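A.B. asks: Please find one structure pasted underneath; my questions will follow.
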Amino acid sequence: MNKLNRSNSILSYLTIGLLLLAVAIRSGASFDWLLSADKPVYTIKDIQKAFPQAVSFKIQSDKSTLVLDDKEKTIGKALISDELDAHHQGYAGDVPLLIAIDANNKVKSVLLLENNETGEFLDHIEDTKLIDSWNTLKLDTMLLQLDVDAVSGATKSSTAIIRTFEKTLANYLEAEQKGSIISPMRIAQLVLISLLLFLSLSMVFAKRFKKLYWYYLILVFLVMGLWLKKMLSLELINNWLSNGLPWQSNWELISILLLSIAMSILGHKKYYCNYLCPMGAIQMLVSKVSPFKKRNIRLKISSISLRNIYLTFIWTSLILGFTLPLSNMEPFMAFSFKVASLIMLLAGVAIIILSLFFNRPWCQFCPTGCLLDSVTTFKPVNKSSHAK
């Protein structure tokens, strides 16, 4: 490796390290999740959002949480989804809830506790007033029959909130919940993701599968992009650095990240970008059908790539205290038509148009791709060369 390449590699590693550190610091990460697997999902401050007079709380034998004032008087109770073993997966993991019950046994409010969902999805839920749907209703099994899907906007985040509410209430009332714990739709998702992983590895290690590559990319775009909206991103890594890895609710994407790192170590640095990223898939598909000659975007200042400059801008801004909308630093929200901003939708359209003329234009800037590219490859030593 010559001095210039070595300097660029060191710069890339330093940039990635500072980026991760900056993201963690600005998100308020304490890294307590590294020390303890029992990090509480709620505190007295969460309960005080529903009960301002609350001073303490007690968990009852029925797993409800009794809320007490400064005189140890009961002012209500809370049903915590985690305490009642109610989990349902959103886009990035569980969406734990606190259901506040007043003294008249009616729903006072429903609060969304700390979670890994992207801000745009949560803003959409707030705009649709989903969590207000149950307010003032009496706590009984009739709540399970309430159909709130119509006001939810039908995103995966809102569906997860509805199902978590139903499961929490059902477990507390020991009632039968609508639907099954593992729905046929969830089984279909797991089967398709497993199929994609199998095919991706097959195309890397078995050449006979490569003839399926373009059909496979269509499947990646439809399943990982339009349907499941599962993709690695700076926003997701930020949430994982802050809150820990949600193995129980998002093991698929965590597995994809670990597999991508392992493949990079084995010498397949573009494994995720070429086989599992829906943004990469749509760029390659558009380039495939485009009649124009493709060019590569190679923008550099001196010997420093534009991607490193972009990443340096991100971590520098975070360190200096500027709040960056991390979900808007990458165009992946364009796959979520219902909640994406106009800017994100236009960014998605711009990438598709540029793909007609350039080879994977977004990949020249992608922070997530740069993170994976920074993984050191351990190439096996060629024994035959030493024998000569």
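Matching residues to (1) out of contact with any strand residue (DSSP E or B) (no Cβ under 7 Å at 6 or more places or on another chain); (2) under 14 Å from residue 114 (Cα atoms):
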site	(1), (2)
59	no, no
62	yes, no
71	yes, no
78	no, no
83	no, no
87	no, yes
90	yes, yes
94	yes, yes
97	no, yes
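A.B. asks: If you don't mind, there's one more thing I want to ask. Kindly provide the set of residues from region 252-272 that are open to solvent by less than 20 Å² (accessible area, probe 1.4 Å) and among the hydrophobic types (A, V, I, L, M, F, W, C), ordered by number.
C.D. replies: Those that are open to solvent by less than 20 Å² (accessible area, probe 1.4 Å) and among the hydrophobic types (A, V, I, L, M, F, W, C): 253, 254, 256, 263.
A.B. asks: Considering region 91-118 alone, what residues qualify as being of a type in the set (S, T, N, Q) and either more than 13 Å from residue 79 (Cβ to Cβ) or under 24 Å from the mean Cα position of the chain (by Cα) (or both)?
C.D. replies: 104, 115, 116, 118
A.B. asks: Continuing with this model, one more query. Tell me yes or no: at least one residue of region 358-377 is under 19 Å from the mean Cα position of the chain (by Cα), open to solvent by 40 Å² or more (accessible area, probe 1.4 Å) and at pLDDT 70 or above.
C.D. replies: No, region 358-377 has no match at all.
A.B. asks: Does residue 340 qualify as being modelled with pLDDT of 80 or more, out of contact with any Ser or Thr (no Cβ under 6 Å at 6 or more places or on another chain) and within 22 Å of residue 228 (Cα to Cα)?
C.D. replies: Against the criterion (modelled with pLDDT of 80 or more, out of contact with any Ser or Thr (no Cβ under 6 Å at 6 or more places or on another chain) and within 22 Å of residue 228 (Cα to Cα)), residue 340 does not qualify.
A.B. asks: Is it true that residue 72 is free of Cβ contacts under 8 Å to residues at least 24 places away in the same chain and either of a type in the set (Ser, Thr, Tyr) or not in a strand (DSSP E or B) (or both)?
C.D. replies: Answer is yes for this residue.
A.B. asks: Restricting to helices (runs of 4 or more DSSP H) lying wholly in region 104-178: which have 1 or more residues that are modelled with pLDDT of 75 or more and surrounded by 20 or more Cβ atoms within 10 Å (Cβ to Cβ)?
C.D. replies: 119-127, 156-173
A.B. asks: Pick out the one residue from 16, 47 that is in a helix (DSSP H, G or I), at pLDDT 80 or above and open to solvent by less than 30 Å² (accessible area, probe 1.4 Å).
C.D. replies: 47
The values are calculated or read from the model by the stated rules, or taken from the named source; none is laboratory data. Bear in mind that the values here come from a model prediction, so they are computed numbers and not experimental data. No Cβ is skipped: glycine too gets one built from the backbone with ideal geometry, and neighbour counts run over all protein chains shown. Side chains included, ligands, DNA and RNA excluded: accessible areas come from the protein's heavy atoms. Shrake-Rupley method; radii C 1.70, N 1.55, O 1.52, S 1.80 Å.
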